[in-house]
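Down below is the structure, laid out as structure tokens.
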């Protein structure tokens, strides 16, 4: 897709020139790339809304993350992110605490993902309780053909060494109960991003993600 080629081209130049002077001189390029990404997100909201009614009311502005980094407490003082991101999620888009559909465009690092990242302690406990009680349901989702085609399982960047207190180490869900995050991720190559069928293939990935999102959200909203 020409739009994604334009976006990645801008972001690649931003990575090499991550400073306010360059950004100011290229503000028009940034706006053009952002408009292209906004159009992309609008398309995904509309099409995801056909199989997940809970996101139909969202606008791109609800879902888009700012490119400006909060550097107040960070040792990394680069002022801008090296990616465009949008979270198409029930209950507020990017501000939601639920499981949704995340689109991340970055030079040599684009991906689609969903699930729950860095949940608050109470939410994490709810998720673990639901996974222990409904292990068969989540296992069936994880073993579904389209899910396995789209994702390399349910993953967590951080994992406890032992099953947390209050849960059985003999549970069939023991490995999942050690997770501190519950996410799925589908990497995207640059060739896939610029292909004419990118949107439809990405939509297939998001469609395969929906049962997992539903499981997470039902767990949190019970």
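A short reminder: the numbers here are calculations on the coordinates, not readings from a lab. What you see is a predicted model, and the numbers here were worked out from it, not measured in a lab. Quick reminder, even Gly has a Cβ in these numbers, built from the backbone with ideal geometry, and neighbours come from all protein chains shown.
Measure nothing fancy, just the Cα-based angle from helix 121-133's long axis to the longest principal axis of the chain, in degrees from 0 to 90, nearest 10.
The two axes meet at around 50 degrees.
Quickly work out the residue 204-to-residue 19 label distance, labels modelled 7 Å from Cα along the C-beta direction, and quote it in nm with one decimal.
4.5 nm
Pulled fully out, how much extra length does the chain show between residue 82 and residue 174, if you take 0.36 nm times their separation in residues and subtract their Cα-Cα distance? Mind showing how you got there, number by number?
Numbers: separation 92, 0.36 × 92 = 33.12 nm, distance 3.65 nm.
Result: 29.5 nm gained on full extension.
Rounded to the nearest 0.05, what FRET efficiency do residue 47 and residue 162 have when you use their Cβ-Cβ distance and R0 = 45 Å?
So the FRET efficiency works out to roughly 0.60.
Rounded to the nearest 500, what is the chain's calculated 222 nm mean residue ellipticity when only DSSP H runs of at least 4 contribute -39500 (n - 2.57) each, over all residues?
On the way: 10 runs with 107 residues, N = 222.
Per the formula, -14500 deg cm²/dmol.
Under a plain spin-label model, where a point goes 7 Å from the Cα along Cα-to-Cβ, how far apart in nm are residue 57 and residue 71?
It is 3.8 nm.
Quick one, which of [x] 21.7, 66; [y] 17.5, 58; [z] 18.6, 60 is the actual Rg and Dmax of the Cα atoms in Å calculated for this model?
Matching entry in [x] 21.7, 66; [y] 17.5, 58; [z] 18.6, 60: [z].
Can you give the FRET efficiency for residue 5 and residue 214, using 1/(1 + (r/R0)^6), R0 = 41 Å, r = Cβ-Cβ distance, to the nearest 0.05? Please report the intermediate quantities before stating the final value.
Working: r = 34 Å, r/R0 = 0.82.
Efficiency, from the Cβ-Cβ distance: 0.75.
As an exercise, use a Förster radius of 22 Å and the Cβ-Cβ distance of residue 91 and residue 145 to find the FRET efficiency, rounded to the nearest 0.05.
On the way: r = 30 Å, r/R0 = 1.35.
E between residue 91 and residue 145, to the nearest 0.05, is 0.15.
Using 7 Å Cα-to-Cβ label points, what is the residue 155/residue 195 separation (nm, one decimal)?
It works out to 2.0 nm between the two label points.
Report the dimensions of segment 124-222 along its three principal axes from the alpha-carbon atoms, largest first, rounded to Å.
Principal-axis extents of segment 124-222 (Cα, largest first): 50, 26, 22 Å.
With an 8 Å Cα cut-off and a minimum separation of 6 or more residues, compute the relative contact order for the chain in percent. Each step should come with its number before you reach the end.
Values: 328 pairs, mean separation 47.4, N = 222.
It comes to 21 percent, rounded to a whole number.
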